[in-house]
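Read the figures in this text as sums done on the coordinates, not as results from a lab. Remember, it's a predicted structure, so these values are computed and weren't measured experimentally. Positions of Cβ are backbone-derived with ideal geometry, glycine not excepted, and every protein chain shown enters the neighbour counts.
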Amino acid sequence: MVTLFFEDRPISVPEGTTVAAALLLSGVAAFRTSPVTAAPRAPYCMMGVCFECLVEVDGVPARQACLTPVKAGMKVRRQSGARGLCAINDGGRDAS
Ligand code: FES
């Protein structure tokens, strides 16, 4: 088992699980909010196509949860709205 943190809450899941599977197993229904209407969004395809599963992982925004394997101590946060390209390119240090 591996323990990661979602919104500072510890979650224990089997090693080798993706972040998306870990959050769904833990009852998390909304991974992000849409940039335009702030509607809650959740994984749809689970294979890297739809981009509905974007979360912040260890301070880096816009990570696809369905393609990211869990690591011990990983800190995952819900993503609210859009992230600027600068935030992605500089490792999460959003200048906006
Ligand atoms: S669930 Fe579709 S890209 Fe992650």
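Between the amide H of residue 74 and those of 5, distances stay under 5 Å, these residues lying 5 or more places away or on another chain, with hydrogens modeled in the peptide plane. Here the sum of -39500 (n - 2.57) over DSSP H runs of 4 or more residues, divided by the residues of the chain, equals -3000 deg cm²/dmol at 222 nm, to the nearest 500. Using θ = phi - 60° in the Karplus curve 6.51 cos²θ - 1.76 cosθ + 1.60, the 3J(HN,Hα) couplings for the stretch 8-25 round to 6, 9, x, 10, 9, 9, x, 4, x, 6, 7, 4, 4, 5, 4, 5, 5, 4 Hz; x is entered for Gly and Pro.
Determine the gain in length on full extension of the stretch residue 80-residue 51; use 0.36 nm per residue of separation and subtract their C-alpha separation, reporting nm with one decimal.
Working: separation 29, 0.36 × 29 = 10.44 nm, distance 1.39 nm.
Length gained, residue 80 through residue 51: 9.1 nm.
For residue 68, the amide hydrogen comes within under 5 Å of the amide hydrogens of 19, 20, counting only partners 5 or more places away or on other chains and with H modelled in the peptide plane.
Remark: spin-label model distance residue 25-residue 3 equals 1.6 nm, labels positioned 7 Å along the Cα→Cβ axis.
Around residue 2, what is the net charge, scoring Lys/Arg as +1 and Asp/Glu as -1 over all other residues with Cβ under 11 Å from its Cβ?
0
Across the stretch 33-50, rounded Karplus estimates of 3J(HN,Hα) from the backbone phi angles (6.51 cos²θ - 1.76 cosθ + 1.60, θ = phi - 60°) give 10, 6, x, 8, 10, 6, 6, x, 10, 9, x, 10, 8, 6, 9, x, 9, 8 Hz, Gly and Pro being marked x.
Entry note, the stretch 14-67: relative contact order of 32 percent, from Cα contacts under 8 Å with a spacing of 6+ residues.
The DSSP beta bridges internal to the chain are antiparallel in roughly 80% of cases. Between 19, 51, 4, the Cα set farthest toward the positive side of the dipole of the stretch 1-60 (charges on each charged residue's Cβ, about the Cα centre) is that of 51.
For residue 2, the amide hydrogen comes within under 5 Å of the amide hydrogens of 13, 15, counting only partners 5 or more places away or on other chains and with H modelled in the peptide plane. Mean separation of Cα pairs under 8 Å and 6 or more residues apart, divided by the residue count, gives the chain a relative contact order of 31 percent.
Applying 0.36 nm per residue to the separation of residue 44 and residue 67 and subtracting their alpha-carbon distance, the gain on full extension is 7.0 nm.
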